[in-house]
Every structure is written in structure tokens, then in C-alpha cells.
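Engineer: Sharing a structure, written as C-alpha cells. Questions coming.
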Amino acid sequence: MHLRHRLKLALRNLYSCGFVYSGAAGVMGRVGGPRLLILAGHGVDGAPGSASMPADLKISGARLEGILRTLGRYARWVTVGQGVGELRAGRGRGLVALSMDDGYLDNRTQLLPLLEACDARCTIYLESLPLETRRVSWLHKWFWLEGKLGAAEAGRRCAVELREGASGLNEALAAGADGAAKRIKRLFKYDLPAGPRNRAIQVVFERAGGNEEALCNLLYLSVRDARELQESGRVELGGHTHSHEVLATLEPAAASAEIDRGRKTLEGLLNSDCGESFAYPFGRRWDQSADHAQAVEAAGYKSAVTTHAGLNRPSRDPFQLKRWTLTERLPVHLLVTELCGGFDLLRRMGLDLVE
């Protein structure tokens, strides 16, 4: 990490501690215009499937409960769709929404009891592929292979299957074991064509003893689980494409089809409207574009979320909403500072300590 970045993080932490513990957050939280803080997560640790998930895709139940209870003292919990509706109406001085991407089974077994205990709400963004076919995206087959074979060996076997298309993968492997997992994942995510990549990973996965339906049942919600979450009254279901490809790596027609198919499949399976909100897969600005936002709107969604941190005001483009990504070590005082307008105060002075 560069020195400049470390200094920025230290300043952000110092400022937010002063903002919260001086009482300024409590005062600022009661004034100012409408605002919506959205949190982004994936899974809650503790379910059987959590063991095979990377650390950055899960948060402990105790940590999440602490965040829910703390933010609940400063704001009102809403779903993303509810929050966007209130912003559009010029209401909602302090609104906070939790969101979870992908549709993991622990959202029912681990998350729902926390929502009930903390009187909170959540929007869960569902991939339609696992719900419809009990298959998973390449990413979770790759995670399974990493756990069983190690990134370097799994990558080597995939390179054999890719043959002439494996030059970039061979270069990543030649760089050495240190950081191989990150290099290979990035290559699979952005550089290799989806078809050859998916076929290579599938072959290696099956030869290593992988069972895709069993893996899906371990990790993902079923249609029945999704309906149970919706019927709880605490969960809003939204779209997350069909197969979780990076939209920016697809041809425009294919990207639009991913978005549209995801929504239609969800609504056909769940017999309900899932069009309040959409989450761009991976969600960074280089993962999606204005054309994709137009496709999301054309598919009938009312809003869409990214994974860039920030606070949402009524002037925010509803198809480029900002979210803070939850991690086990993320200090809750940073979230309180954002929620109560502390970082916005600095932004108005030309200093952004968040992005």
C-alpha cells in the first residue's frame, strides 16, 4: 500500500472518530436533507457453505449484528427500493439499507434471524442461474478448485484445457505462487472469453470430483428459500443478472440479455415483481457503463447499485447508487460518519476521504 493511501486512511479514521465520539454525528444526523446509506455484503458466516467462501465474501454474525444495532440508533432501516422511493419524494433524513449480493443460503439461515432481532431490512440481489438450474457461475467452481488443489495447480490444469488460449494464464503461473490466486482470478474475470474459460473450469472441476448441483445446494438459496425471505416482510428481492458475468466484458446485446433474462427468470420462478433494484456484478465503474444502466432501466428496474462507497442524496443518479462494502474489520464509526453527513461535509470543501 502506497504511503499516500495509508495517510489518507489514517486521516479518514481520525476524522471519523472525532466526528462520532465528539457528538457531532448525533447533531448532524438530525439536520440536513434526505440521504440514504447503502451497505453491500454477500454472506453471513456460520452456515455449512460458508467454509468454502473467501473471507471477503462473508462477515460474522456478531460483527454484522453490531453494525445493524449501531446504525439503527442513527437512522431508519429500509430496503434499497424503499430508500430510493423516499429520496425521490424528498423524504428520509436518515435512511440506511443493507444489501446482499448473489443470493446465498446463509441469507435465510443466518441473516434473517439478525434482521428480525435488530428490526432491520435487506435487499437481496439474486443471480437467476442457480435458482433456475441449480448450477453455479465459474467463480464458485474456481473457489472450490482453489480449496482442493491450490490456485497454482488448478490454474495449471485449466491451462491444459485451454491449450492455445492459455498464454496469459501460463504467464500468470510463471510469475510464481505468491499472488497467483489473485492474478488468475483477474485473468478469468476480465481477459479470457467466457465460453473457453467456463468449459476449461468445468472439465477440471468435474475431474477433481466436483458436484455442481451439490455445491449449489450448499451455497445458494432455492426458490422456496427466496419466497420465504420475501414473505418475511423484511426482505426485498432484486436482480443481479442471470450468470454473474462482468457486463463490460460482454457484447452489448449479450449484456442486455443477461440483465433482461435475469429479471424475467426471477419473476417467473417467484411469481412476484423483482424490479425495484438491480446490482451490477462486481460493481466497479470499469465493470459497467452508461449503456448497461440504460439496459437495466429498459428491463424495468427502478434503480441500480454499484460497489463504490459514498452517500446517496436525491440528486444521485438512481442507476449509479453508491454502497459501502462490509468487511469484518470495517470500523462502524466510518459508516456512522457517512450516514450522518460527515464525509459529505468534507466533499463540499473538495476533500473526499472515501473514494
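Engineer: With the requirement that a residue be touching a helix residue (DSSP H, G or I) at 6+ places or on another chain (Cβ under 6 Å) and either part of a helix (DSSP H, G or I) or within 21 Å of GLY72 (Cβ to Cβ) (or both), what does segment 123-139 give you?
Structural biologist: Selection gives THR123, ILE124, SER128, PRO130, LEU131, GLU132, TRP138.
Engineer: Just for segment 193-218: of the residues that are of a type in the set (A, V, I, L, M, F, W, C) and closer than 15 Å to HIS244 by Cα, which one is farthest from the chain's Cα centre (by Cα)?
Structural biologist: Checking each candidate, the answer is ALA194.
Engineer: Now for a different question. Please find, within segment 218-241, the residue that is nearest to GLY43 (Cα to Cα) out of those that are open to solvent by 10 Å² or more (accessible area, probe 1.4 Å) and touching a Gly at 6+ places or on another chain (Cβ under 9 Å).
Structural biologist: Filtering segment 218-241 for residues that are open to solvent by 10 Å² or more (accessible area, probe 1.4 Å) and touching a Gly at 6+ places or on another chain (Cβ under 9 Å), the one nearest to GLY43 (Cα to Cα) comes out as LEU218.
Engineer: Scanning segment 140-177 for residues that are in contact with a helix residue (DSSP H, G or I) (Cβ under 8 Å, 6 or more places away or on another chain) and of a type in the set (D, E, K, R), which turns out nearest to ALA214 (Cα to Cα)?
Structural biologist: LYS141
Engineer: Still on this structure: Could you say which residue among ARG284, ARG207 is touching a Ser or Thr at 6+ places or on another chain (Cβ under 8 Å) and surrounded by fewer than 17 Cβ atoms within 10 Å (Cβ to Cβ)?
Structural biologist: ARG284
Engineer: Go through segment 227-248 residue by residue and tally those that are of a type in the set (Lys, Arg) and under 19 Å from VAL80 (Cβ atoms).
Structural biologist: Total satisfying the criteria: 1.
Engineer: Find all pairs meeting these conditions: Cβ atoms under 7 angstrom apart; at least six residues apart or on different chains; first residue within segment 8-20 and touching a residue at least 60 places away in the same chain (Cβ under 8 Å) and aromatic (Phe, Trp, Tyr); second residue crowded, with 19+ Cβ neighbours inside 10 Å and in a helix (DSSP H, G or I).
Structural biologist: Here the result reads PHE19/ALA25; PHE19/THR337; PHE19/GLY342, each pair linking segment 8-20 to a residue that is crowded, with 19+ Cβ neighbours inside 10 Å and in a helix (DSSP H, G or I).
Engineer: Identify, please: which residue in segment 62-98 is among the small types (Gly, Ala, Ser) and within 17 Å of the chain's Cα centre (by Cα) and is, among those, nearest to GLU276 (Cα to Cα)?
Structural biologist: Ranking the candidates gives GLY81 first.
Engineer: What about ILE124, is it in contact with a strand residue (DSSP E or B) (Cβ under 8 Å, 6 or more places away or on another chain) and either free of Cβ contacts under 8 Å to residues at least 24 places away in the same chain or over 21 Å from VAL336 (Cβ atoms) (or both)?
Structural biologist: Criteria met by ILE124.
Engineer: Considering only segment 176-189, state which residues are open to solvent by less than 50 Å² (accessible area, probe 1.4 Å) and either assigned to a helix (DSSP H, G or I) or of a type in the set (Asp, Glu) (or both).
Structural biologist: Correct list: ALA180, ALA181, ILE184, LEU187, PHE188, LYS189.
Let's see how each residue does on (1) in contact (Cβ under 8 Å) with a residue 24 or more places away in the chain; (2) in contact with a Gly (Cβ under 9 Å, 6 or more places away or on another chain); (3) hydrophobic (A, V, I, L, M, F, W, C):
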site	(1), (2), (3)
ILE259	yes, yes, yes
LEU269	yes, no, yes
HIS292	yes, no, no
ASN312	yes, yes, no
ASP317	yes, no, no
GLN320	yes, no, no
LEU339	yes, yes, yes
PHE343	yes, yes, yes
ARG347	no, yes, no
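Engineer: Could I ask something else about it? Being aliphatic (A, V, I, L, M) and either buried (at least 20 other Cβ atoms within 10 Å of the Cβ) or farther than 30 Å from LEU7 by Cα (or both), is that true of even one residue in segment 272-281?
Structural biologist: Yes, that holds for at least one residue.
Engineer: Can you spot a residue in segment 101-115 that is buried (at least 24 other Cβ atoms within 10 Å of the Cβ), part of a strand (DSSP E or B) and aliphatic (A, V, I, L, M)?
Structural biologist: Within segment 101-115, none of the residues are buried (at least 24 other Cβ atoms within 10 Å of the Cβ), part of a strand (DSSP E or B) and aliphatic (A, V, I, L, M).
Engineer: Among the numbered criteria (1) surrounded by fewer than 21 Cβ atoms within 10 Å (Cβ to Cβ); (2) within 16 Å of the chain's Cα centre (by Cα), which one does THR123 miss?
Structural biologist: Exception for THR123: condition (1).
Engineer: Return yes when THR70 is open to solvent by less than 50 Å² (accessible area, probe 1.4 Å), closer than 20 Å to GLU231 by Cα, of a type in the set (Val, Ile, Thr) and touching a residue at least 24 places away in the same chain (Cβ under 8 Å) and no when it is not.
Structural biologist: Answer is no for this residue.
Engineer: For GLY103, state whether it is at pLDDT below 95 and under 30 Å from TYR301 (Cα atoms).
Structural biologist: Judged against the criteria, GLY103 is not a match.
Engineer: Continuing with the same structure: Condition test on GLY94, is it among the small types (Gly, Ala, Ser) and either closer than 24 Å to ARG227 by Cβ or in contact with a Pro (Cβ under 7 Å, 6 or more places away or on another chain) (or both)?
Structural biologist: Taking the combined requirement at face value, the residue does not satisfy it.
Engineer: If I filter segment 148-164 down to residues being of a type in the set (A, V, I, L, M) and under 14 Å from ALA200 (Cα atoms), which single residue comes out as most open to solvent (accessible area, probe 1.4 Å)?
Structural biologist: Restricting to residues being of a type in the set (A, V, I, L, M) and under 14 Å from ALA200 (Cα atoms), the top hit is VAL160.
The values are calculated or read from the model by the stated rules, or taken from the named source; none is laboratory data. Bear in mind that the values here come from a model prediction, so they are computed numbers and not experimental data. Neighbour counts run over all protein chains shown; Cβ positions are idealised from the backbone, glycine included. SASA here: full protein model, heavy atoms, side chains in, ligands and nucleic acids out. Shrake-Rupley method; radii C 1.70, N 1.55, O 1.52, S 1.80 Å.
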